[in-house]
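Values in this text are rule-based calculations from the coordinates and carry no lab data. Fair warning: this is a prediction, and the values are worked out from it, not measured in the lab. Here the Cβ positions follow ideal geometry from the backbone for every residue, glycine too, while neighbour counts run over all protein chains shown.
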Amino acid sequence: MSFEALGLHASIVKAVFQAGYEKPTPVQAEAVPAAIAGRDLLVSSQTGSGKTAAFMLPSLHKFAETEPAAAGRTPAQDAQAARARGERVRFKAAQPKMLVLTPTRELALQVTTATEQYTAHMRRIRAVSILGGMPYPKQMQLLAKNPEILVATPGRLIDHMESGKIDFSQLEILVLDEADRMLDMGFIEDIEKIVAATPDTRQTMLFSATLDGVVGNMARRITKNPQVIQIMSATNRHENIVQKVHFVDDLSHKNRLLDHLLRDETMDQAVVFTATKRDADMIADRLNIAGFAAAALHGDMHQGARNRTLDSMRRGQVRVLVATDVAARGIDVPSITHVVNYDLPKFPEDYVHRIGRTGRAGRNGTAVSLVNHAESMNVRRIERFTKQTIPVDVVEGFEPKRSAAPRSGARPGWKPGDGRGGKPGQRSFHKPAGEGYRGGDKPSGQREGGYRGDAPRTDSGYQGQRREGGYRSESAPRADGGYQGQRREGGFRSEGAPRRERSGFGAHPRSADSARRTFGDR
């Protein structure tokens, strides 16, 4: 089937071909004709399946059909004319015809960028993004243009609604993209408030990884006789993505293995997912010192910095993006060939979306998870969710000293009521005989936001006393490798360790100046 066969306007078909689209994806082939017919849609499909075009192309077709009647002056032009006459100008609320709600800023910007491609041969169709992290004056300038298409995150949109800057009385189309993620992030009250402010005559399209549970209940409330389209659910197999698990003994082992994986000649670009923002910054810095062109991406960064990082990734200036789950959805860089889970995600659903950053549009990809032996139950939960087994792989020269825990349930030696606490399969902080933990029963290496190892203190890692923004293990031998050492001039240096062994990222030492460059020449 071709895009012409879907009944799209000629200007949209031309723009789609110029964007490199050859034929509709399965979700586009089903959703576009139904949306053109005016049906409400409930769509469940796999990440990377072309959902943005599935809801944007039929909406633009509707606007293209009525485009001649859309001619006229914008509020910004009216304001300029009023100023020329010496009249006082009052801000007029924007009245968009289409609203797209997204859970993250990155996804909002991705939708806006795609829309600009699709409207390359259409006149008077403007799409703008309203999201957190963007200065209010800039957003006011965008809203003053009275855009036909508004792409927004719920929180910032509520701010403009309450201040009277946006009026939805003329809204024709409402789209909820990644609805399950928005609910996971706690936006359900904001979404209900936004939906209540829109006309009952609107067309509603909801896209989600799943249509069960809370998402399904909300979908039934906000749609009218919807057509349900289920192409691929989040639990479908990623046949084009090679998935692996590498067990690691401690952080030093994990860091050395990460360094090895990122030097794979088949790797074009990679995303390394961490559990915390601090780790994203820390690992990105150390990868840069080791000679990788790396950058961090997380929610504490200003929107301008996040945009520049993604632009550098798309231009190929960044080869390794170290990110939190803010990058698990909404990043579409076709040249990403590898995804590395430095830390496992909290929820199995996020694992699916993480590895979906590679293997985009039918390409092949590789997804590797670096897992401590005590986290094998988390791997088992992911396998149950995806209904497939993730094979365990071993790299020659980086073999773990310990064997992996059984994949079927509890940790070895666990028995009900043996005093180790927790339910079967849960991680226990049982204290072996003759061994104590500093600061109570909780190992010092365990901290909020992610697992940090339960290795003895003589092993390298982040365990030990925190000093001046870094971690230093007072009792561990300095020549043992890992990230130990005092922070000096933007990086970490282990005073006693040979330079070629520190951090697991120092196999190829560089001069101090070139190693600290943000983007290397790799």
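Below is a table of values for the structure above.
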read-out: Rg [Å, one decimal], Dmax [Å, integer] - the range 4-230, C-alpha atoms; value: 17.4, 57
read-out: Listed peptides 9-22, 307-320 by packing density, highest first (mean Cβ within 10 Å); value: 307-320, 9-22
read-out: Length added when fully stretched, N307-M140, from 0.36 nm per residue minus Cα-Cα; value: 58.2 nm
read-out: The range 4-230 - percent relative contact order, Cα under 8 Å, separation 6 or more; value: 29 percent
read-out: For the range 106-147, convex hull volume per residue from C-alpha positions, Å³; value: 56 Å³
read-out: Percentage relative contact order, the range 116-255, counting C-alpha pairs under 8 Å, at least six apart; value: 18 percent
read-out: Sparse-neighbourhood loop sites, trypsin sites (Lys or Arg not before Pro) in the range 237-299 - DSSP loop, at most 13 other Cβ within 10 angstrom; value: R237
read-out: Cα coordinate range in the range 1-60, projected on the principal axes (Å, largest first); value: 28, 24, 18
read-out: Principal axes of the range 122-207: Cα extent on each, largest first, Å; value: 32, 29, 23
read-out: Unsatisfied cross-links (Cα-Cα over 18 Å) in the set K51/K277; K92/K138; K51/K165; K92/K165; K92/K145; value: K51/K277; K51/K165
read-out: Relative packing of peptides 264-273, 346-355 - highest average C-beta neighbours within 10 Å first; value: 346-355, 264-273
read-out: Rounded D (µm²/s) - the range 211-334, Kirkwood Rh over Cα pairs, Stokes-Einstein at 10 °C, 1.306 mPa s; value: 92 µm²/s
